[in-house]
Amino acid sequence: MCARNSIYTNPKPCKHLADYKLRHGFNTYDSIRNCLKTTPNGRTRVAKHTTKIPRCSFCDRYQGRLYFCLMCSSLWCPTHILLHTQSEKGHEVAIDMNRSELYCCLCCDQVYDPDFDKVVVCNQVKDLPGGSKSKTNRFEASGERSSKKKRLDSGIGLDLKKSKLLVSMRDRRAKSCYPLGLRGLNNLGSTCFMNSVLQALLHAPPLRNYFLNDRHNSVQCRKRSVEKLCLLCDVDAISSAMFSGDRTPYTPAHFLYSWWQHSSNLASYEEQDAHEFFISVLDGIHEKESKIRNSGKDDGDCQCIAHRAFSGLLRSDVTCISCGFTSTTYDPCVDISLNMDTSNLSSFNANKPIKPDEKTSASTLSGCLNLFTRAERLGSDQKLHCQNCQELRDSSKQLSIRRLPLVLCLHIKRVEHSLVRKISRKINQYMQFPFSLDMTPYLSSSIVRGKFGNRIFTFEYDNSNSSAAYEIFAVIAHSGMLESGHYVTYLRLKNQWYKCDDAWISEVDEGIVRASQCYMLFYVQKLLYNKANEDSSFVRISPRRDPFESTAGCS
């Protein structure tokens, strides 16, 4: 299980980068050394230009990602960097200014060079409190190839004081005391949406236990299936790599190709929506396991790992305003999409995004859940046929949760549409969310009892208080605008938060997590969260043990 499959290898080095280094050597790397600036959280950015707002040389764009050409020092947005490369021979390699990563304009992909990475890491050491240029040079002279893809060994070629400074760095991705399973994922070209969701999925206790139990045997799967690609096998391979103990960033290239085959409509190097990707992956897992089990059951009764972990049941009550007759339906769900309360926000202006510091009332997760379960009167154009009145009547609709899942995924809608102007904008408003969440007020049993009192029968799926108590374990945040942005994941392991930013893993305070623009929140039932924290090493579990055994009675 922990052995690495030979077919999952890193891509070959970029030939365009190799040609560039052959022609120009390290002169450019040395020249931009003083332009690298390290932020307080350990992130290195390029601050080449003296202008306050860097802009694209072609369209004057300043929002989103900008690339810095290594040959001519010009700035370009993702849309026009290829145009620049095609018109100027030898200008194939650029730097992502926001992330200080090399980018090949012809390959349309991030590329890795240990020599460039050495410059970045040395700059981080120099910018540490108490760091000096002389000590940095001594660090370089040691000849040790420290990089973000290899463990930063603070004991080689460094004095004791410098070692302490390195340990105090925010970026402690390679720290040996990190929980097993923390491993960066390389960006394959605007695939931060994929990396962020994979980090959350693979650290969800039910899925983590499922794959570490070897419940999906890739060898047997290949024998009984004629299909060459299997999304479950690829997830199993990533899980094996994540928990193998290797700290170097993993490249999920084979998984990306397999997902493209499953979701051909989303197959491109353009940035996709993380929520759509999440639904697509769960759908792919469900389809594969359904073929293996030859099961035709509805999603609500499906025993695939996707639905065992994420499936819940929503109740919808439509009440006739005239006679009070109520029609009730039930729908399975793998997540809950919540609207943000924007009633107190400024009037719609697509060119003016909502800023966190605007004087507006803050949204809260409880407020969003109350809005989700609040009775809503349907418009006159949505009249429904009342079975009691036998004619179209005005009605109201109220949603509630009939059955809670083991893992609760809450999707925060951050897009606001203007039907008049036919444009959209992102809602950058911050939202307050608790780390411990009680879902009892939003259960169907609680809402119906609130309307009619306790003079009703016990609900079939009446969740106990213990199964309605949740603990947060992952947050996917989005920064930037609709047309260009970046996803990161914050993981909570043993009550410590870690930021997963593609290949970079760093330890962060909970204040950073609370201040993030959360897009997807992942909660797990408290009993399962506590059980997962008891296993500090995340060792492989016996194949005979059911990963859901410890959660009996919760589902």
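Readers should treat all values here as calculations from the given coordinates under stated rules, not as data from a laboratory. If you're wondering where the values come from, they're calculated on a predicted model, not measured in any experiment. All Cβ positions, even for glycine, are placed from backbone atoms using ideal geometry, and neighbour counts span all protein chains on display.
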Estimated FRET transfer efficiency (Lys422, Asn495; beta-carbon r; R0 60 Å; 0.05): 0.85
Quick check: residue separation of Cys108 and His80 times 0.36 nm, minus the Cα distance between them. What number comes out in nm? 8.9 nm
Label-point separation, Asn217 to Glu88 (7 Å along Cα→Cβ), nm: 5.8 nm
Per residue of segment 505-516, in order, report the coupling 6.51 cos²θ - 1.76 cosθ + 1.60 (Karplus, θ = phi - 60°) as ³J(HN,Hα) in whole Hz, putting x for Gly and Pro. 10, 9, 7, 10, 7, 5, x, 5, 5, 5, 8, 6
FRET efficiency (Ser327, Asn27; Cβ distance; R0 56 Å; to 0.05) is 0.15
Could you sort 180-186, 377-383, 15-21, 212-218 so that the peptide with the highest average Cβ count within 10 Å comes first and the rest follow in order? 180-186, 212-218, 15-21, 377-383
HN-Hα J in Hz across segment 276-291 - Karplus 6.51, -1.76, 1.60, θ = phi - 60°, x for Gly and Pro: 4, 5, 4, 5, 5, 5, 4, 5, x, 5, 4, 4, 5, 5, 5, 5
On a 31 Å Cα-Cα criterion, which of the cross-link pairs Lys426/Lys531; Lys413/Lys451; Lys288/Lys383; Lys383/Lys422; Lys37/Lys413; Lys37/Lys531 come out too long? Lys426/Lys531; Lys288/Lys383; Lys37/Lys413; Lys37/Lys531
Compare the peptides 104-112, 201-209 by average per-residue count of other Cβ atoms within 10 angstrom and give them in order, highest first. 201-209, 104-112
With label points set 7 Å from each Cα along the Cα-to-Cβ direction at Leu229 and Ala515, the distance between them in nm comes to 4.1 nm
